[in-house]
Protein chains: 2
Amino acid sequence: MKGGGLEMGTTTSEVAKSGAAKRGAAVVDFFLRVIAIIATLGSAIAMGTTNQTLPFFTQFIRFRAKYDDLPMFTFFVVANSLVSAYLVLSLALSIFHIMRSRAHASRIVLIFFDTGMLALLTAGASAAAAIVYLAHKGNTRTNWFAICQQFNSFCERISGSLIGSFGAILILVVLILMSAVTLSRR
Amino acid sequence: MKGGGLEMGTTTSEVAKSGAAKRGAAVVDFFLRVIAIIATLGSAIAMGTTNQTLPFFTQFIRFRAKYDDLPMFTFFVVANSLVSAYLVLSLALSIFHIMRSRAHASRIVLIFFDTGMLALLTAGASAAAAIVYLAHKGNTRTNWFAICQQFNSFCERISGSLIGSFGAILILVVLILMSAVTLSRR
């Protein structure tokens, strides 16, 4: 459809150029989403499989750390899984935008859900980061001590799993901005 | 039909109607920002002035809880203050949009910064929420005990100060969506 072009009297080549730019943006959008899926899924799996049993134990207690000892880590896994699942679904819309670069309402839907998922993912990642910080440093005022002194590999795992999540946050911000720019170019 | 109008050269009344709708949206945008300023500023002040000294003390120790005993609460105050300051600045652009409803590039700038601030505010609020949860419930596996059992009023204060922050997060999501919808209507 050439509606926008006709309005201002733009030439066919300009309309084609704008369409090509939008298609290019949609392709970048698609690949960014794929990267974000890998990042969030990786984070969820890395956190969700974390568990460490210390090699020494008493008669009654085995010292064992697992991610779901702390509810914030459970939330982290849930948030990452949800965002990952959403991003997989959103690929369909992304492909639709590659094919039909003038699509309009679907981009607003995408911005809306992207923003919601950004908030969810940031909440999960930063709640987990707060606990990871406590696990590493502890806090003397509240007498919460650094469990990382015992659970070394547990702590490395939970720290590492944050990376994917924060990467995906950056990608989502870029995706929202790209959608906004594309929307503004009719 | 609007599409037909765009193709054939929109009539003056349709342009005026679209302009009025945009102006209305810009006014709502302005008031939502003012509410968000109050919410984030309130959160920052409520958290930043929290401190409780227990009525009993030993020769060496006074039991005292202050928000900056925990770095996540400091981050919370910083994040809320920054977002609040940004929102005050953004009011200028919001007023500009009320006056010039066809403004375009400035809306993209606004979406970009709104999204960044949404991420910052969510990070601050949920890191603080994670610690507030720990303070209330403690965690038996890691031997972090619930400090709220001693510091009652401290805990009430820090819990309450989260509300403004989460309210402002919701408002920011709405603002981003509204900007996107306005951008899409040329």
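The values are calculated or read from the model by the stated rules, or taken from the named source; none is laboratory data. For clarity, every value in this text was computed on a predicted model and none was experimentally measured. Here Cβ is always computed from backbone atoms with ideal geometry, including for glycine, and neighbour counts include all displayed protein chains. The accessibility values were calculated without ligands, DNA or RNA, using every heavy atom of the protein model including side chains. Shrake-Rupley method; radii C 1.70, N 1.55, O 1.52, S 1.80 Å.
Considering only residues that are surrounded by 19 or more Cβ atoms within 10 Å (Cβ to Cβ) and of a type in the set (D, E, K, R), look in the stretch A:12-46 and name the one that is nearest to A:Ala168 (Cα to Cα).
First pass over the stretch A:12-46, keeping only residues surrounded by 19 or more Cβ atoms within 10 Å (Cβ to Cβ): A:22, A:26, A:29, A:32-33, A:36-37, A:39-44, A:46.
When the remaining residues are screened for being of a type in the set (D, E, K, R), the result is A:22, A:29, A:33.
Numbers: A:Lys22: 23, A:Asp29: 13, A:Arg33: 9 Å.
Looking at residues that are surrounded by 19 or more Cβ atoms within 10 Å (Cβ to Cβ) and of a type in the set (D, E, K, R), I get A:Arg33.
Of all residues being surrounded by 21 or more Cβ atoms within 10 Å (Cβ to Cβ) and modelled with pLDDT of 90 or more in the stretch B:47-74, which is nearest to the other protein chains (Cβ to nearest Cβ)? Just the residue, please. Break it down stepwise before answering.
Step one: list which residues in the stretch B:47-74 are surrounded by 21 or more Cβ atoms within 10 Å (Cβ to Cβ), which gives B:47, B:50, B:65, B:67, B:70, B:72-73.
When the remaining residues are screened for being modelled with pLDDT of 90 or more, the result is B:47, B:72-73.
On the way: B:Met47: 14, B:Met72: 5, B:Phe73: 10 Å.
Of everything passing the filter in the stretch B:47-74, B:Met72 is nearest to the other protein chains (Cβ to nearest Cβ).
Every condition in (1) at the interface with chain A (Cβ under 9 Å from one of its Cβ atoms); (2) open to solvent by less than 20 Å² (accessible area, probe 1.4 Å); (3) without any contact (Cβ under 8 Å) to a residue 12 or more places away in the chain is met by B:Ala103 except one, and the failing one is (1).
Evaluate the stretch A:87-98: report whether one residue or more is farther than 18 Å from A:Leu172 by Cα and either at pLDDT 85 or above or of a type outside the set (D, E, K, R) (or both).
Within the stretch A:87-98, the subset farther than 18 Å from A:Leu172 by Cα is A:96, A:98.
The next check asks that each one be either at pLDDT 85 or above or of a type outside the set (D, E, K, R) (or both); those that pass are A:96, A:98.
Looking for residues that are farther than 18 Å from A:Leu172 by Cα and either at pLDDT 85 or above or of a type outside the set (D, E, K, R) (or both), one finds at least one in the stretch A:87-98, hence yes.
Residues in the stretch A:122-165 that are more than 27 Å from the chain's Cα centre (by Cα), open to solvent by less than 20 Å² (accessible area, probe 1.4 Å) and facing another protein chain (nearest Cβ under 8 Å): A:Asn139, A:Thr142, A:Trp144, A:Ile147. One residue alone among B:Leu93, B:Leu118 is out of contact with any Lys or Arg (no Cβ under 6 Å at 6 or more places or on another chain), away from chain A (no Cβ under 12 Å), buried (at least 16 other Cβ atoms within 10 Å of the Cβ) and of a type in the set (A, V, I, L, M, F, W, C), and that residue is B:Leu93.
Figure legend. Inter-residue proximity from the stretch A:141-160: first residues among the aliphatic types (A, V, I, L, M), second residues part of a helix (DSSP H, G or I) and modelled with pLDDT of 85 or more, beta-carbon distance below 7 Å, spacing 6+ or different chains. Indicated pairs: A:Ala146/A:Ala135; A:Ala146/A:His136; A:Ala146/A:Lys137; A:Ile147/A:Ala135; A:Ile158/A:Met47; A:Ile158/A:Phe73; A:Ile158/A:Val132.
For the stretch B:105-148, the set of residues classified as of a type in the set (S, T, N, Q), closer than 26 Å to A:Lys66 by Cβ and in a helix (DSSP H, G or I) consists of B:Ser126 only.
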